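Bear in mind that the values in this text are calculations on the coordinates, not laboratory data. Every value quoted in this text rests on a predicted model; they were computed, and no experiment measured them. Counting neighbours? That spans all protein chains shown, and the Cβs are built from the backbone with ideal geometry, glycine included.
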Amino acid sequence: MLNAYRLAMGVGELSQDTILDTSGQAHALYLNTNFANGSITAVTHNEVSTNADYYAATPLSRAQKAGAPATEWISENAAVGLSQASSSAYASDCMGQFLNTVYHLQDATEVQETIGIGFQQNTTQGTYSCVLDFGQTTGVSGTPVANGYLTSAGQQMATTAIAHSPLANETGVARLMTAESPNPAPDLASPGRPIMIRVTAANAGDVLTVTSFTLTSSGGTVVPARIIVPSAALTGSTSSATADVNNAMAVGVAFLLPQAALAANTTYTVAFSGQRDGTPISTTWTFTTGS
């Protein structure tokens, strides 16, 4: 499901890595067990050695314990949810928790090359956990961090490419942002589904600035929304843009965050214009929300 989405976006598919399957499954088990026994109350990428089903402390150390090379960069997305009716429903629910966000959407569609998947159910409690461990080896340098990737390495789009989410003509799009930590907009009670623009930013100094970023309903109403950019992209962007409050956005990414839930079963038009390293770019597309 994620590969199909990434392919449609134009950011490249991921190859399955059985080593990362091992590390991802270990962390899925840790999350499931320790939510059930009350040792943890929020999704975390770090494990505590005194907790049940401890494997290793960080995404990097878990991957290396499972057999990943010391030079490989490792990043991770993780989520928990309620039991679903089928395997496809589990996949959809897990992916939705990543795609309907800001930071997790950014990370699930980044320049990684490989993936390992962990999944664990707790039928007694009616919950599940899912973990995606991503790997990056091509063009990497330096010492890998505990949980991260190099924007200069891995799969790179063409410098003229523009990727976005939701996809063009996508249907059944979520109406609301899924809560995530850190929170990209702590002052908004129930923001709508985030809209992302992505360009390649492999070189130092690459930047995506925003001239205009709007969302309009089929009835012609412009949706109140917040333009969020990395702090490095504020200069050169429209004065209505705001800096990412958590300093967690990549320089080749910009988000439009509706201030409230989108309407059900409604077609919206997204219009973006800006500059990549001073070169004007623009794109327009539509998507339709679910019920």
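Buried (at least 16 other Cβ atoms within 10 Å of the Cβ) and either more than 22 Å from residue 167 (Cα to Cα) or not β-branched (Val, Ile, Thr) (or both): which single residue out of 236, 205 fits that description? Spell out the reasoning first.
Working: 205 fails: buried (at least 16 other Cβ atoms within 10 Å of the Cβ).
Among 236, 205, only 236 is buried (at least 16 other Cβ atoms within 10 Å of the Cβ) and either more than 22 Å from residue 167 (Cα to Cα) or not β-branched (Val, Ile, Thr) (or both).
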Residue that is nearest to the chain's Cα centre (by Cα), among those in the stretch 243-265 that are over 16 Å from residue 160 (Cα atoms), surrounded by 17 or more Cβ atoms within 10 Å (Cβ to Cβ) and not aliphatic (A, V, I, L, M):
255
All positions within the stretch 9-37 that are surrounded by 19 or more Cβ atoms within 10 Å (Cβ to Cβ), free of Cβ contacts under 8 Å to residues at least 40 places away in the same chain and not hydroxyl-bearing (Ser, Thr, Tyr):
34
Restricted to the stretch 116-160, and to residues that are part of a strand (DSSP E or B) and among the polar types (S, T, N, Q), which residue is farthest from residue 87 (Cα to Cα)?
136
All-but-one check, residue 97 against (1) among the polar types (S, T, N, Q); (2) more than 15 Å from residue 128 (Cβ to Cβ); (3) in a helix (DSSP H, G or I), failing number (2)
